[in-house]
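Structure, as structure tokens:
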């Protein structure tokens, strides 16, 4: 047999072996290289929806509320009062004494139904592909930390198809300096509740990375705008305290 014929037979055998291997292992290879793993799918789904609705910025520009109730309009935003009185010559009372926790609750109130929808979509997709999916109660929580907003979604999910995989927690990590802005905003509001006014320059001296703007409004309210100079994250809120009647100004 010539060398050319031997080479041809070898190539045919090699192709046949590769074909058999592909038939046997291609489904596993596809699963391995799939870009939409359950973790990536859920995280991507929640992050995309939050970005689409611009949820963090909306809450930050509205005094920490998604749907403000006691607010003043400022540049088309409903800015919630963190400290407020409707009387003249009276110091304001704190409306949000635990501002950080209230904002975490606002974000979580939005995230909870989004997370449930995303996980149920994932469940349906997996079942449509022949997997058996067991899903427990879905519980979400939000924590605003110094460098990030952490969203944890706990869901006991078990996926069975040629083996069983379990998933307990999905975590979304959003880089943000909102924590610093909230802490300083709380301090300013508490200062107004105690003394009737605050000095924005003093805060900028203590916290040089934070820009504090103080915008007086016609009804005696004050809009505070805090901006992180490095990240450009922004938080604004309203206060109404020690307001002098118009005829005495």
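Scanning region 47-68 for residues that are outside any helix (DSSP H, G or I) and in contact with a helix residue (DSSP H, G or I) (Cβ under 8 Å, 6 or more places away or on another chain) yields a count of 3.
To keep it simple, each residue is scored yes or no on (1) within 21 Å of residue 73 (Cα to Cα); (2) assigned to a strand (DSSP E or B).
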position	(1), (2)
183	no, no
197	yes, no
208	no, no
212	yes, yes
218	yes, no
232	no, no
242	yes, no
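Go over the candidates 227, 222 one by one and state the one that is assigned to a strand (DSSP E or B), under 16 Å from residue 90 (Cβ atoms), touching a strand residue (DSSP E or B) at 6+ places or on another chain (Cβ under 9 Å) and at pLDDT 95 or above. Criteria check complete, one pass: 222. Kindly check whether there is at least one residue in region 31-44 that is outside the structural domain of residue 146 (by TED's automatic domain parsing), touching a residue at least 12 places away in the same chain (Cβ under 8 Å), surrounded by fewer than 18 Cβ atoms within 10 Å (Cβ to Cβ) and farther than 20 Å from residue 190 by Cβ. No, that holds for no residue.
Among residues of region 69-106 being surrounded by 19 or more Cβ atoms within 10 Å (Cβ to Cβ) and assigned to a loop (DSSP other than H, G, I, E, B), the one that is nearest to the chain's Cα centre (by Cα) is 96. Considering (1) touching a helix residue (DSSP H, G or I) at 6+ places or on another chain (Cβ under 8 Å); (2) surrounded by fewer than 14 Cβ atoms within 10 Å (Cβ to Cβ); (3) closer than 27 Å to residue 87 by Cα, the lone condition that residue 246 does not fulfil carries the number (1). Tell me which residues, restricted to region 136-156, are within 14 Å of residue 42 (Cα to Cα) and at pLDDT 95 or above. Within region 136-156, 138, 139, 140, 151, 152, 153, 154 meet the criteria. Would it be correct to say that residue 133 is assigned to a strand (DSSP E or B) and either within 20 Å of the chain's Cα centre (by Cα) or surrounded by 21 or more Cβ atoms within 10 Å (Cβ to Cβ) (or both)? Considered against the rule, which asks whether it is assigned to a strand (DSSP E or B) and either within 20 Å of the chain's Cα centre (by Cα) or surrounded by 21 or more Cβ atoms within 10 Å (Cβ to Cβ) (or both), residue 133 comes out as no. Residue 96 falls short on exactly one of the conditions (1) more than 14 Å from residue 237 (Cβ to Cβ); (2) at pLDDT 95 or above, and that condition is (1).
A single member of 67, 87 is under 24 Å from residue 191 (Cα atoms), out of contact with any strand residue (DSSP E or B) (no Cβ under 7 Å at 6 or more places or on another chain) and not assigned by TED's automatic domain parsing to the domain that holds residue 162, and it is 87. Taking region 157-181 as the range and being outside any strand (DSSP E or B) and modelled with pLDDT of 95 or more as the test, the residues that pass are 176, 177, 178, 179, 180, 181.
When region 162-196 is examined, which residues are found to be over 25 Å from residue 230 (Cβ atoms), in contact with a strand residue (DSSP E or B) (Cβ under 9 Å, 6 or more places away or on another chain) and exposed (fewer than 15 other Cβ atoms within 10 Å of the Cβ)? Residues satisfying the conditions are 164, 165, 166, 168, 169. So is residue 149 assigned to a strand (DSSP E or B) and under 27 Å from residue 70 (Cα atoms) or not? Yes, satisfied.
The values are calculated or read from the model by the stated rules, or taken from the named source; none is laboratory data. Keep in mind it's a predicted model, so treat the numbers as computed, not measured. Cβ sites come from the backbone with ideal geometry, for glycine too, and all protein chains shown count toward neighbours.
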